[in-house]
1. With the dipole of the chain worked out from charges on the C-beta (+1 for Lys and Arg, -1 for Asp and Glu) around the Cα centre, which of Pro10, Ile120, Ala171 lies farthest toward the positive end?
2. Please state the Cα pair-distance histogram of the chain with 10 angstrom bins from zero: what percent is in each bin?
3. Take peptides 3-11, 165-173, 36-44 and line them up by average Cβ neighbours within 10 Å, highest first, as a rough protection proxy.
4. Order the peptides 212-221, 101-110 from the highest to the lowest mean number of other Cβ atoms within 10 Å of their residues.
5. Using a 10 Å cut-off around each Cβ, can you sort Glu162, Glu224 from fewest to most neighbouring Cβ atoms?
6. What FRET efficiency would be calculated for the residue pair Asp42, His186, taking the C-beta separation as r and a Förster radius of 30 Å, to the nearest 0.05?
7. Rounded, prolate or oblate: which fits the range 42-101, taking a ≥ b ≥ c as square roots of the Cα gyration tensor eigenvalues, rounded meaning a/c under 1.5, else prolate when a/b beats b/c?
8. Treat each spin label as a single point 7 Å out from the Cα along the C-beta direction, and report the Ala143 to Glu224 distance in nm.
Amino acid sequence: MGQTVSFTRPDGQALQGYLAEPARAAGAPGLVVIQEWWGLNDQIRGVADRLAAAGYRALVPDLYRGKSTVEAEEAHHLMSHLDFGDAATQDVRGAVQFLKAGGSAKVGVTGFCMGGALTILAAVHVREIDAAVPWYGLPPLQAVDAGAITAPLLGHWAVRDEFFKIADVDALEARLREAGRTVEFHRYDCKHAFANETQTPGHETLPALGYDAAAAALAWQRTEAFLARHLR
């Protein structure tokens, strides 16, 4: 089980987050885990716990400052009022710096949906990041300075995603490759949020969402191998 911790953003503001640590935390690599639009809920804490069990110090910054929801309309409202630039350059960077100051020589960032978009923005703006794994979420292409990215990227994308079109993923990948970045993108014949186990068939919060156990397992296998290569 993890715990609530406080850390400081680069601008000096305090922020809380959920920290899950492995049995041997000393010197373990770190991962900043970025929430979906629902907020810091039990599902994303479970992701952090999973990564801790795999040997990482996993920190979920509380981007909504204590708010979370199970209602799509409210989630959209919360996400719409989030300053993505501030979240990437301050909240996420502060979390990366906290993990490095706590003994993690290398720190990666991963995020889902909204968190996937923030993962890419963080890769652009936060030089301390050593690896980035966005899941089915990307920012507007004009916000991505591919030449500024130094960390290797592994991306997981849903071909039938109604929120983030696969054509935009293709365009992002082409831009990254043209800039000579280290990028590995995988596409899955799934809906958005295919790795969120709470969106099971018949229980989806929205029809456009859908958990796919086989695709999620493959994506996690690829993620664990990628993180082992770049953070250990």
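1. Pro10
2. Bin by bin from 0 Å, the calculated values are 8, 36, 40, 15, 0.
3. With the highest mean Cβ count within 10 Å placed first, the list reads 36-44, 165-173, 3-11.
4. 101-110, 212-221
5. Arranged by neighbour count, lowest to highest, Glu162, Glu224 become Glu162, Glu224.
6. It comes to 0.65.
7. Oblate.
8. About 3.2 nm, to one decimal.
Read-outs: derived from the displayed coordinates by stated rules, not from any lab. Everything quoted here is computed from the prediction, not taken from an experiment. Note: ideal-geometry Cβ built from the backbone for every residue, glycine included; neighbour counts use all protein chains shown.
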